[in-house]
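Any read-out appearing in this document is the output of simple, stated calculations on the displayed coordinates, not a laboratory observation. These numbers were taken from a predicted model, which means no experiment stands behind them. Cβ atoms come from the backbone with ideal geometry, glycine included; neighbour counts cover every protein chain shown.
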Amino acid sequence: MLEPACKSWILSSGNIHVAIGEFELLYIIAGWQRYILVPRSPIWCHHVFLWQGHLLPLFDIEVYINTTMDRPAAPLSNTGDFTGVIAYENQHGQIHYGGLKLSSPPVIKVVSDDAICDYPDNYPEWSRIALSCFEDPGIGPVPILDIQQLFCARPQAVATITDNTDI
Amino acid sequence: MNAGANPTTLNNGPDFVRLSIGKTRILLHDDEILSIEPGTNVKQTKKNAGRYITINSKVIPVYDFDEDLRPFSTTNNKSQICICQDNDKNKIGISCDDAAKITLAEMELHELPDCMLDANLAIQVIAVSNNNIYCISNITKLLQLVKQPGEN
């Protein structure tokens with residue numbers, strides 16, 4: 001839940017824009033980073049990398065959304081771009097770290113309560129992976145990611161969206 | 001133990017055999033490995049029903065995986081065949097680019113986070129040693145992948 005005039009990082013993953021809390025983004029890695037493929041892992045979280053002694057998953061939100069929408073996934077790139085190192089709490093209250101693949105450097109914005117809006121229509125299941133949404137004057141609706149849901153949910157819980165959406 | 005949590009460090013840990021398949025490095029426990037054979041000894045069945053290798057008069061099926069551990073059919077021999085045996089004494093050969101016994105000094109074990117676990121749990125633990133990253137598996141899980149080809 002957003003407090004009046006709080007700060008959020010706006011993250012870009014291809015054509016997808018999302019936001020996370022100011023203190024959830026710990027570090028930005030720019031340029032080449034060694035990612036290692038983990039066999040049989042989901043295509044949207046197919047690599048890991050080492051960061052300060054921790055092994056982090058690399059989550060690609062654009063590929064996640066394209067895959068669940070049954071669209072062709074963007075080709076996986078192992079080089080370039082940016083990686084955001086994110087801190088989150090798991091279901092047991094323990095702090096863990098994950099990586100988000102970014103296509104440009106994050107931008108910090110001040111967000112106020114009166115900017116709350118509906119989710120964008122580029123993905124009908126935003127409520128599964130987002131907590132809320134705010135309107136950015138330059139971008140439009142920006143969902144606020146539920147980081148725990150991204151990194152703690154098993155892939156089997158992710159269903160491909162069909163015409164008959166269960167409510 | 002999950003991503004970001006403190007890893008488990010093993011000093012003078014168990015011996016493993018490292019299989020290289022493309023860019024993927026798989027570790028199997030040494031006690032699951034019977035031998036490492038040259039890939040040139042692999043034969044094709046007459047009706048193209050798969051490949052096999054004969055060791056001590058026993059016919060052992062040979063399987064090929066890509067670096068995403070998806071089984072596929074091929075007639076091309078890789079460099080080496082790792083002959084493995086699971087708890088039920090099932091023997092299989094796994095075709096690979098390279099296989100060698102390895103003892104990892106100061107190996108750190110990291111469990112994969114839930115968001116990366118597939119239905120087969122083929123890989124659950126990653127080993128890190130000297131900045132090299134290995135995927136730990138076992139024969140039972142690899143056999144399950146063979147029995148379920150083509151799944152995501």
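Expressed to the nearest 5 percent, the antiparallel share of DSSP beta bridges inside chain B is 90 percent. Counting alpha carbon pairs within less than 8 Å and at least 6 residues apart, what relative contact order, in whole percent, applies to the range B:8-147? About 29 percent, as a whole number.
The antiparallel fraction among DSSP beta bridges confined to chain A stands at about 95%.
Potential lengthening of the chain between B:N56 and B:N41 amounts to 4.1 nm, from the contour at 0.36 nm per residue minus the alpha-carbon distance.
Take chain A, connect every pair of alpha-carbon atoms lying under 10 Å apart with a spring to form a Gaussian network, then pick out the residue of A:G138, A:G84, A:G14 with the largest mean-square fluctuation. Looking only at A:G138, A:G84, A:G14, the biggest GNM fluctuation is shown by A:G138. Once both labels are positioned 7 Å from their Cα atoms along Cα-to-Cβ, the gap between A:E125 and A:I43 label points is 1.4 nm. Charged side chains reduced to their Cβ positions (Lys and Arg at +1, Asp and Glu at -1) give the range B:4-152 a dipole of some 860 debye around its Cα centre. Working from label points 7 Å from Cα in the Cα-to-Cβ sense, the A:H92 to A:R154 distance is 1.6 nm. Here the relative contact order of chain A, from alpha carbon pairs under 8 Å that lie six or more residues apart, stands at 26 percent.
Straight Cα distances below 27 angstrom link B:K23 to the lysines A:K101, B:K43, B:K78, B:K91, B:K101, B:K141, B:K147, with same-chain residues fewer than 8 positions distant left out. The phi-based Karplus calculation (6.51 cos²θ - 1.76 cosθ + 1.60; θ = phi - 60°) puts the 3J(HN,Hα) values of the range B:46-62 at 4, 9, 6, 8, x, 10, 8, 9, 9, 10, 6, 6, 9, 8, 10, x, 10 Hz, whole numbers, x for Gly and Pro. The string of couplings for the range B:16-28 from the Karplus curve (6.51, -1.76, 1.60, θ = phi - 60°) is 10, 10, 9, 10, 9, 10, x, 8, 8, 10, 9, 10, 10 Hz, one whole number per residue in order, with x for Gly and Pro. For the pair the range B:91-111 and the range A:102-133, the centres of their Cα atoms are 43 angstrom apart.
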